[in-house]
Amino acid sequence: MSTYRIAPSILSADFARLGDEVKNVVAAGADIIHFDVMDNHYVPNLTIGPLVCEAIRPHVQVPIDVHLMVKPVDRIIPDFAKAGANIISFHPEASEHIDRTLQLIHDHGCKAGLVFNPATPLHYLEHVMDKLDLILIMSVNPGFGGQSFINQALKKIAAVRQMIDASGREIMLEVDGGVKVENIADVARAGADTFVAGSAIFGKPDYKAVIDAMRQQLAQV
Ligand code: DX5
Ligand code: ZN
């Protein structure tokens, strides 16, 4: 049985009180902080950059997982590494040279992840499996929090789980978009071990109650 990790996405946090929000969610049991970076170019929304990562870094003792939804990606990677990111992932469509971008992330001392949109084929994995620390399957189209989980993602998660197991490597399998207490067990059964949840956690008054309820669901998988 794998270790499950819950990764609240601060996209749905109250940005006017971000320091307190991240402290509270870590105190509530978050294993990872998921940090969504959007550029109004690769995705139709604009969020936060390295300065904000640097600002929250002293307030969180858990890894910061930077999900880059930006194009191009390479120029901003060193800035996030310097700002304290632990994991940096990007979308293959946003990089001209995927292998080089993965190397760049490792060269800057971070774990590297590749992100697959609902309609992005998995074939990239055949060529870069040995360079990945994380595979992120999008269960919504990227750009906004609060969207509904696309059920098609479950098949894709199962396919990736098989590929990871066959590789014999330790690669995190993360799922992002529309994950909540009601469906987290299905996502885990499909093979995921790391669960991003934005609106399901930050949209609720008691973060610990939601995270505990998620863990309870996971305990039954
Ligand atoms: C979407 C982001 C997600 C998003 C998840 O582009 O990558 O991380 O914040 O939000 P929920 O959990 O509300 O779907
Ligand atoms: Zn994300």
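The values are calculated or read from the model by the stated rules, or taken from the named source; none is laboratory data. Every value quoted in this text rests on a predicted model; they were computed, and no experiment measured them. Don't worry about glycine lacking a Cβ; one is built from the backbone with ideal geometry, like all the others, and counts go over all protein chains shown. Side chains included, ligands, DNA and RNA excluded: accessible areas come from the protein's heavy atoms. Shrake-Rupley method; radii C 1.70, N 1.55, O 1.52, S 1.80 Å.
If DNA, RNA and ligands are ignored and the probe is 1.4 Å, what is the ranking of Asp206, Asp133 by accessible area, most exposed first?
Asp206, Asp133
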> What whole-number value in Å² describes the accessible area per residue of the chain for a 1.4 Å probe?
Replying inline: 44 Å²
>> Quick check on my link table: of Lys82/Lys131; Lys23/Lys131; Lys23/Lys208; Lys23/Lys82; Lys23/Lys71; Lys71/Lys131, which ones sit more than 24 Å apart, alpha carbon to alpha carbon?
In response: Lys23/Lys131; Lys23/Lys71
> Just how far, in whole angstrom, is segment 65-85 from segment 166-193 if you go by their alpha carbon centroids?
Replying inline: 23 Å
> With the calculation restricted to Cα positions, what are the radius of gyration and Dmax of the chain in angstrom?
Replying inline: 15.9, 45
> For segment 198-221 and segment 111-147, what is the separation of their C-alpha centers, rounded to whole Å?
Replying inline: 24 Å
> How much length is gained on full extension from Gln216 to Glu93, taking 0.36 nm per residue of separation minus their Cα-Cα distance?
Replying inline: 40.6 nm
> Are there GluC sites (Glu not before Pro) in segment 96-193 that DSSP marks as loop and that have at most 15 other Cβ atoms within 10 Å, and which are they?
Replying inline: Glu96, Glu170, Glu182
> Rounded to a whole number, what % of the accessible area of segment 1-93 do carbon and sulfur atoms account for, probe 1.4 Å?
Replying inline: 54 percent
